[in-house]
Amino acid sequence: MSINLTKKQYECLIKALEAANSVYGILGDSVSDEYKKQSNEIEELTDYFLSLARDFGMEHITQKYKEKLILDDVYAESLDEVIDDYNNEIFWDELQTRLGKRDFERTITEAEKKEIIKNHGWYPDRIRELYEVWSKELEDNGVENLGILKDKK
């Protein structure tokens, strides 16, 4: 089988492989051997495609390190910025979601419990209101107003 890629598609593939490598690499180091196996497979695939950089006129994005072809530091740093932006967005989204769910669980009614069961685990629309409350709070104040309540019993 043969796959033909344009230079633009090749560069897009390299970026996608690096993003996947970042995610699976972290999971492989901290979660499970299955993620580690997948991380190794993605790294092998990345190595293969980096070996084709010259064929696509993209050798400037690579450098040799200990006899291995890797991404050039400047290019890799530009991709790290994307991962940093992603992590930042995920942090705020996850924080808003977890706080909204926490508040929902604290105030859930019997009718809502039944609705969740009836809807196979889907939360009622009220949870979106709580997400919006937290979204606005976090957008306006970041984590400034978050804290730990002492002596709560």
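Determine whether residue 101 is outside any loop (DSSP other than H, G, I, E, B), exposed (fewer than 13 other Cβ atoms within 10 Å of the Cβ) and either without any contact (Cβ under 8 Å) to a residue 24 or more places away in the chain or not assigned by TED's automatic domain parsing to the domain that holds residue 16 (or both). It would help to see each step written out before you state the result.
Working: outside any loop (DSSP other than H, G, I, E, B): yes; exposed (fewer than 13 other Cβ atoms within 10 Å of the Cβ): no; either without any contact (Cβ under 8 Å) to a residue 24 or more places away in the chain or not assigned by TED's automatic domain parsing to the domain that holds residue 16 (or both): yes.
Considered against the rule, which asks whether it is outside any loop (DSSP other than H, G, I, E, B), exposed (fewer than 13 other Cβ atoms within 10 Å of the Cβ) and either without any contact (Cβ under 8 Å) to a residue 24 or more places away in the chain or not assigned by TED's automatic domain parsing to the domain that holds residue 16 (or both), residue 101 comes out as no.
Just checking, does segment 134-148 include any residue being outside the structural domain of residue 89 (by TED's automatic domain parsing) and farther than 25 Å from residue 89 by Cα?
No, that holds for no residue.
Which ones in segment 60-78 are farther than 16 Å from residue 47 by Cβ and not β-branched (Val, Ile, Thr)?
Residues satisfying the conditions are 60, 73, 77, 78.
Being more than 30 Å from residue 15 (Cβ to Cβ) and assigned to a helix (DSSP H, G or I) is true for just one of 130, 95, 45. Which residue is that?
Details: 95 fails: more than 30 Å from residue 15 (Cβ to Cβ); 45 fails: more than 30 Å from residue 15 (Cβ to Cβ).
Selected residue: 130, the only one of 130, 95, 45 that is more than 30 Å from residue 15 (Cβ to Cβ) and assigned to a helix (DSSP H, G or I).
Could you list all residues from segment 4-19 that are more than 15 Å from residue 45 (Cα to Cα) and of a type outside the set (Val, Ile, Thr)?
The answer is 4, 5, 7, 8, 9.
Residue by residue through segment 11-45, note down the ones that are under 18 Å from residue 76 (Cβ atoms), in contact with a Gly (Cβ under 9 Å, 6 or more places away or on another chain) and not polar (S, T, N, Q).
Scanning segment 11-45 gives 42, 43.
Going residue by residue through segment 20-36, is there one that turns out to be in the same structural domain as residue 126 (by TED's automatic domain parsing), out of contact with any Pro (no Cβ under 6 Å at 6 or more places or on another chain), surrounded by 10 or more Cβ atoms within 10 Å (Cβ to Cβ) and over 27 Å from residue 139 (Cβ atoms)?
Checking segment 20-36: not a single residue is in the same structural domain as residue 126 (by TED's automatic domain parsing), out of contact with any Pro (no Cβ under 6 Å at 6 or more places or on another chain), surrounded by 10 or more Cβ atoms within 10 Å (Cβ to Cβ) and over 27 Å from residue 139 (Cβ atoms).
With the requirement that a residue be touching a helix residue (DSSP H, G or I) at 6+ places or on another chain (Cβ under 6 Å), more than 16 Å from residue 70 (Cβ to Cβ) and among the polar types (S, T, N, Q), what does segment 6-51 give you?
38
Could you tell me which numbered condition residue 17 fails, if it satisfies all but one of (1) surrounded by 11 or more Cβ atoms within 10 Å (Cβ to Cβ); (2) farther than 30 Å from residue 139 by Cβ; (3) in contact with a strand residue (DSSP E or B) (Cβ under 9 Å, 6 or more places away or on another chain)?
Just one mismatch for residue 17, condition (3).
Specify the residue that is nearest to residue 110 (Cα to Cα); the eligible residues are those in segment 133-153 that are of a type outside the set (Val, Ile, Thr) and part of a helix (DSSP H, G or I).
Within segment 133-153, the match that is nearest to residue 110 (Cα to Cα) is 134.
The values are calculated or read from the model by the stated rules, or taken from the named source; none is laboratory data. This is a predicted model, so every value here is computed, not measured. All Cβ positions, even for glycine, are placed from backbone atoms using ideal geometry, and neighbour counts span all protein chains on display.
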